[in-house]
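The values are calculated or read from the model by the stated rules, or taken from the named source; none is laboratory data. Just so we're clear, the structure is a prediction, and the values are computed from it rather than from any experiment. Using ideal geometry, Cβ is built from the backbone for each residue, glycine included, and neighbour counts are taken over all protein chains shown. Remember, those area values only see protein heavy atoms, side chains included, never the ligands or the DNA or RNA. Shrake-Rupley method; radii C 1.70, N 1.55, O 1.52, S 1.80 Å.
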Amino acid sequence: MAELTIREQVQRRLEGMKAVRKPYEADWEEINRLAMPSRGEFLGSANSRKNNSRRANTTSKDSHPRRASRTLGYGMQSGLSNSTTPWFDIGTVDPDEAEYQENKEWLAVVKMRIYRLFADIGIYDIFKLNYLELGNYGTASGALLENSDYGAAAHAFTAGEY
């Protein structure tokens, strides 16, 4: 049997991933319709951004699903990665090294720079979107990429987009 080309291997993997995702798509589209009309990218569906450049939730007069979604997402962000309180720490591989005053000062400076970078690139907005996606679709994805102008750039993907 001839070996598959890279394109054929990638195509098989893509088809396999689509097959795994398929059972969830109907539920995701319903959640999308009720709770997150501006998110979700389901190719071939009526809710696709390619079919509607600006979507609004006109199918439901009940705002409870959207409010519940926001409460869950914002609660997750508040508890896990609040921009107003420290939510992570950095250290050394060797705990004894972290006890030296010079190392403590260096770690504090690095930690402050990371928090500043996160604020500057809007990572907290990406977290907010990902927590909303995680609470509604059960999955979330984003990318933090190096950027020569800003140090980094962040992007949140939506369900069905990845």
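Among residues belonging to the range 2-18 that are in a loop (DSSP other than H, G, I, E, B) and of a type outside the set (A, V, I, L, M), point out the one that is least open to solvent (accessible area, probe 1.4 Å).
Thr5
Please go through the range 80-94 and give me each residue that is over 18 Å from the mean Cα position of the chain (by Cα) and open to solvent by 90 Å² or more (accessible area, probe 1.4 Å), ordered by number.
Thr84, Pro86, Asp89, Val93
I'd like the full set of residues that are farther than 25 Å from Ala153 by Cβ and either surrounded by 13 or more Cβ atoms within 10 Å (Cβ to Cβ) or in contact (Cβ under 8 Å) with a residue 60 or more places away in the chain (or both), limited to the range 62-79.
Pro65, Arg66, Ala68, Ser69, Arg70, Leu72
Quickly run through the range 115-159 and pick out the residues that are without any contact (Cβ under 8 Å) to a residue 60 or more places away in the chain, surrounded by 18 or more Cβ atoms within 10 Å (Cβ to Cβ) and over 9 Å from the mean Cα position of the chain (by Cα).
Of everything in the range 115-159, those that are without any contact (Cβ under 8 Å) to a residue 60 or more places away in the chain, surrounded by 18 or more Cβ atoms within 10 Å (Cβ to Cβ) and over 9 Å from the mean Cα position of the chain (by Cα) turn out to be Phe118, Ile121, Ile123, Ala154.
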